[in-house]
Amino acid sequence: MEPDLFSRPDKSEAPPNPEASHWQERAAWLKAELNRHSHAYYVLDSPTIPDAEYDKMFRELVALEQAHPDLITSDSPTQRVGGKPLPQFEAVRHAVPMLSLNNAFDDEEVAGFDRRVREGLQAAGEVEYSTELKFDGLAISVRYEDGVLVQAATRGDGMTGENVTPNIRTVRAMPLRLHTKHPPKVLEVRGEVLMFKSDFARLNDRQREGGQKEFANPRNAAAGSLRQLDSRITAQRALRFFAYGIGALEGAEMPASHSGLLDWYATLGLPVCSERAVVMGATGLLEFFTSIGVKRKALPYDIDGVVYKVNGIEQQRTLGFVSRAPRFALAHKFPAEEAMTVLQGIDVQVGRTGAITPVARLAPVFVGGVTVTNATLHNEDEVHRKDIRIGDTVIVRRAGDVIPEVVSYVPELRPAHTLAFVMPSACPVCDSPIVRPEDEAIARCSGGWVKCPAQRKGGLLHFVSRRAMDIEGFGEQLIDQLVDKHIITTAADLYKLGFRALAELDRMAEKSAQNVLNALEKSKSTTLARFIYALGIRHVGEATAKELARHFGNLDALLAASEEQLLEVADIGPVVARSIIAFLSDPMNRELIEQLRATGVHWSEGTGSVSEAKPFQGKTFVLTGTLPTLTRDEAAARIEAAGGKVAGSVSKKTNYVVAGEEAGSKLAKAQELGITIIDEAGLLQLLEHE
């Protein structure tokens, strides 16, 4: 009998004995349980069992399938891990075309859409609409036959897409089998593959620490991940999915409304976004648009607008289509974050690690709410790949606080005489040779921080930054003055600054100088993780610095570590290990570390034992709201120093929620789940008594 993947297996009956001969029954039970727990974790954001228990069940299923290959089915959780690389993508003809939507950019266009809908339906009163988000991801069509996922294809040109079935199987939120005993014969689910902002940040951290190219934005990361020929790479990327439409349907009755369709999808185990509503008339549409605009920055994913659809399915059929777009739907887009302008020149910037970044000098253009005159071109290869030349008309993109980037040039507007970019051979700041290792995409100034003021300034700005030593009062202008006037050379010199030297600098006064000195004194008490991160070791980001501090316990143990010992640290591979060894074996870097210690920079150190017990070991905290005396970073640092983990969201795995003033949805979820809630005083008491 087919396992019920929607409801939990009956606990009144003991699961089949793994030692018995009924391997098929045991495997079916394991698949049902694992799929149920995955749905709870990845779709409902409400874990039902510890990770260790899930892993134990998963390993048992793997062992069963290895011993009995006939048990392997396409809906097995073991089939999500990715297979061997494909030579190329197969073309897939969509059974029902994936059409585009017409766009609106202002209230008048929305009112016009509503008027045309009422006229087309000959409606006397207001029309009911289903409203939802317009995700900034990649459109996909996923086909289920008899409830089992059999094919997934990109939108392509709307008629034909690319077969990405092995890759879509790796998306944990995507059910491999629909959660129902009576699935339709055929169901084509239309939706969006995307990457959440937090997952995107973690992916770029890994890319950066591994010496690999970073992604420009979550959409590019999601699209690039889904279109990997090697699905094992896709499996390592945290892709998500939201269903929002339908293609072919056979063997089931179509719901009467679009909102009803999405509700049905949710019962089938398909992820559906909760940010949706049913509204009446143009007024309801615009109110939804305004409310989402307020929430937009706080959403965990990128959107570029909202979508309006006539809610009644029969009404949709009555309205039909025009050209390649439905008459019953409209995309209402937020103000443009892309604009065209002229590329007037390309300069190069020198980063703190010597990285040479081409920078576009643009004719001023208003995009994403600000006037942009500079934009990144990433690296030399990107400039040549996009064939961007000086004199081109280019498209510039800006999203939120992301650095503006040049997306492409406009071919039909290219003038007759443009200039191709040529990477300079010498650093524009210190005249040292620019070199590019064979296995890297980035060219670098070879001068190092000793010879190159740009690297020195970048390194010092990193050292004083909030997530490093957190020294208030040090902005770019102050660092520039201190370096240009040869007052400081290394980070250790910061702690030797005198009152008079600071007070005499431009835009400084006695009060400002004293504030800077106070901030320097306060920063001397830090954590080992912050200190490691502040050193600016190439490929060592915040997460890696924390793992190094947690693993080695004290700085001397890290300084004495071999490459083999570094490879024992979580998430550290050969590239990062060699980078750490190279940095710590440099006599000048060793001298810098000793000088910093000599100035009084200190932290609490362990014994250097990896297994050293800590009071908060294994406990997860979530911080929400504003605490009376501690910043979130300070509270997180104290929790992590005690061995605890600070998570960004509340789940059943959370042990404590530390709530301050104006605590929001995290507090409400903690109350709902019955998680212990404490205030700052409670946290300090725990730290004192643990």
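The values are calculated or read from the model by the stated rules, or taken from the named source; none is laboratory data. As the structure is a computational prediction, the values presented were derived from the model and not from experiment. Every residue, glycine among them, receives a Cβ derived from its backbone with ideal geometry; neighbour counts consider all protein chains shown.
Which one is modelled with the highest pLDDT, of the residues in the stretch 144-153 that are buried (at least 19 other Cβ atoms within 10 Å of the Cβ) and touching a helix residue (DSSP H, G or I) at 6+ places or on another chain (Cβ under 9 Å)?
At the first step, the residues of the stretch 144-153 found to be buried (at least 19 other Cβ atoms within 10 Å of the Cβ) are 144, 147, 149, 152-153.
Next, only the ones that are touching a helix residue (DSSP H, G or I) at 6+ places or on another chain (Cβ under 9 Å) stay: 149, 152-153.
On the way: Leu149: 93, Ala152: 90, Ala153: 90.
This residue is Leu149.
Of everything listed in (1) of a type in the set (Val, Ile, Thr); (2) closer than 30 Å to Glu250 by Cβ; (3) at pLDDT 80 or above, the single unmet condition for Thr73 is (3).
Hey, can you tell me all the residues within the stretch 359-408 that are of a type in the set (D, E, K, R), surrounded by 13 or more Cβ atoms within 10 Å (Cβ to Cβ) and under 25 Å from Gly305 (Cβ atoms)? Let's see the steps before the verdict.
Filtering the stretch 359-408 for residues of a type in the set (D, E, K, R) gives 361, 380-382, 385-387, 389, 392, 397-398, 401, 405.
Retained after the next criterion (residues that are surrounded by 13 or more Cβ atoms within 10 Å (Cβ to Cβ)): 361, 380-382, 386-387, 389, 392, 397-398, 405.
Scanning the stretch 359-408 gives Arg397, Arg398, Glu405.
From Arg232, Arg237, Arg219, grab the single residue that is of a type in the set (Lys, Arg), in a loop (DSSP other than H, G, I, E, B) and modelled with pLDDT under 90. Before the answer, list the steps.
Values: Arg232 fails: in a loop (DSSP other than H, G, I, E, B); Arg219 fails: in a loop (DSSP other than H, G, I, E, B).
Criteria check complete, one pass: Arg237.
Within the stretch 228-275, the only residue that satisfies the criterion of being crowded, with 19+ Cβ neighbours inside 10 Å, closer than 27 Å to Ala111 by Cβ and under 24 Å from the mean Cα position of the chain (by Cα) is Tyr244. Looking at the structure I just gave you, is Ala557 buried (at least 17 other Cβ atoms within 10 Å of the Cβ) and either in contact with a His (Cβ under 9 Å, 6 or more places away or on another chain) or outside any helix (DSSP H, G or I) (or both)? For Ala557, the condition - buried (at least 17 other Cβ atoms within 10 Å of the Cβ) and either in contact with a His (Cβ under 9 Å, 6 or more places away or on another chain) or outside any helix (DSSP H, G or I) (or both) - is met.
Please state which one of Gly156, Gly112, Gly137 is in the same structural domain as Leu249 (by TED's automatic domain parsing), at positive phi and either surrounded by 22 or more Cβ atoms within 10 Å (Cβ to Cβ) or of a type in the set (Gly, Ala, Ser) (or both). So the residue among Gly156, Gly112, Gly137 that is in the same structural domain as Leu249 (by TED's automatic domain parsing), at positive phi and either surrounded by 22 or more Cβ atoms within 10 Å (Cβ to Cβ) or of a type in the set (Gly, Ala, Ser) (or both) is Gly156.
Would you mind finding the one in Gly648, Gly644 that is within 26 Å of Lys522 (Cα to Cα), in the same structural domain as Ala668 (by TED's automatic domain parsing) and either small (Gly, Ala, Ser) or in contact (Cβ under 8 Å) with a residue 40 or more places away in the chain (or both)?
Details: Gly648 fails: within 26 Å of Lys522 (Cα to Cα).
Only one candidate passes the filter, namely Gly644.
When Gly541 is tested against (1) without any contact (Cβ under 8 Å) to a residue 24 or more places away in the chain; (2) closer than 15 Å to Gly210 by Cα; (3) small (Gly, Ala, Ser), just one condition goes unmet, and that condition is (1). Only one of the numbered conditions (1) under 29 Å from Asn379 (Cβ atoms); (2) of a type outside the set (S, T, N, Q); (3) without any contact (Cβ under 8 Å) to a residue 60 or more places away in the chain; (4) buried (at least 19 other Cβ atoms within 10 Å of the Cβ) is not met by Leu194, and that is (3). Filtering the stretch 229-263 to residues that are free of Cβ contacts under 8 Å to residues at least 24 places away in the same chain and in contact with an Asp or Glu (Cβ under 8 Å, 6 or more places away or on another chain) leaves nothing.
Evaluation of His551 against the conditions (1) crowded, with 21+ Cβ neighbours inside 10 Å; (2) under 20 Å from Ile581 (Cβ atoms) shows that the sole unmet condition is (1). Scanning the stretch 553-575 for residues that are at pLDDT 90 or above and among the hydrophobic types (A, V, I, L, M, F, W, C) yields Leu555, Ala557, Leu558, Leu559, Ala560, Ala561, Leu566, Leu567.
Name the residue, out of Ile346, Ile356, that is buried (at least 16 other Cβ atoms within 10 Å of the Cβ), β-branched (Val, Ile, Thr) and over 21 Å from Ser408 (Cβ atoms). I'd like the intermediate steps shown before the answer.
Working: Ile346 fails: over 21 Å from Ser408 (Cβ atoms).
One residue alone meets the criteria, Ile356.
May I ask you to verify whether Pro411 is more than 20 Å from Pro358 (Cα to Cα) and surrounded by fewer than 14 Cβ atoms within 10 Å (Cβ to Cβ)? Here the answer is yes, as Pro411 does meet what is asked. The single condition among (1) touching a helix residue (DSSP H, G or I) at 6+ places or on another chain (Cβ under 7 Å); (2) closer than 28 Å to Asp302 by Cα that Glu382 does not meet is (1).
Would you check if Val576 is part of a strand (DSSP E or B) and either assigned by TED's automatic domain parsing to the domain that holds Ala543 or surrounded by 15 or more Cβ atoms within 10 Å (Cβ to Cβ) (or both)? Give the derivation first.
Working: part of a strand (DSSP E or B): no; either assigned by TED's automatic domain parsing to the domain that holds Ala543 or surrounded by 15 or more Cβ atoms within 10 Å (Cβ to Cβ) (or both): yes.
When the stated conditions are applied, Val576 does not pass them.
Here is a yes/no grid of residues against (1) in contact with a Pro (Cβ under 9 Å, 6 or more places away or on another chain); (2) assigned to a loop (DSSP other than H, G, I, E, B):
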{"position": "Ile403", "(1), (2)": "no, yes"}
{"position": "Ser408", "(1), (2)": "no, no"}
{"position": "Asp431", "(1), (2)": "no, yes"}
{"position": "Ile434", "(1), (2)": "yes, no"}
{"position": "Trp449", "(1), (2)": "no, no"}
{"position": "His462", "(1), (2)": "no, no"}
{"position": "Glu472", "(1), (2)": "no, yes"}
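Of the strands (runs of 3 or more DSSP E) contained entirely in the stretch 273-356, those carrying at least 1 residues that are modelled with pLDDT under 90 and not polar (S, T, N, Q) fall at 303-310, 329-333, 338-350.
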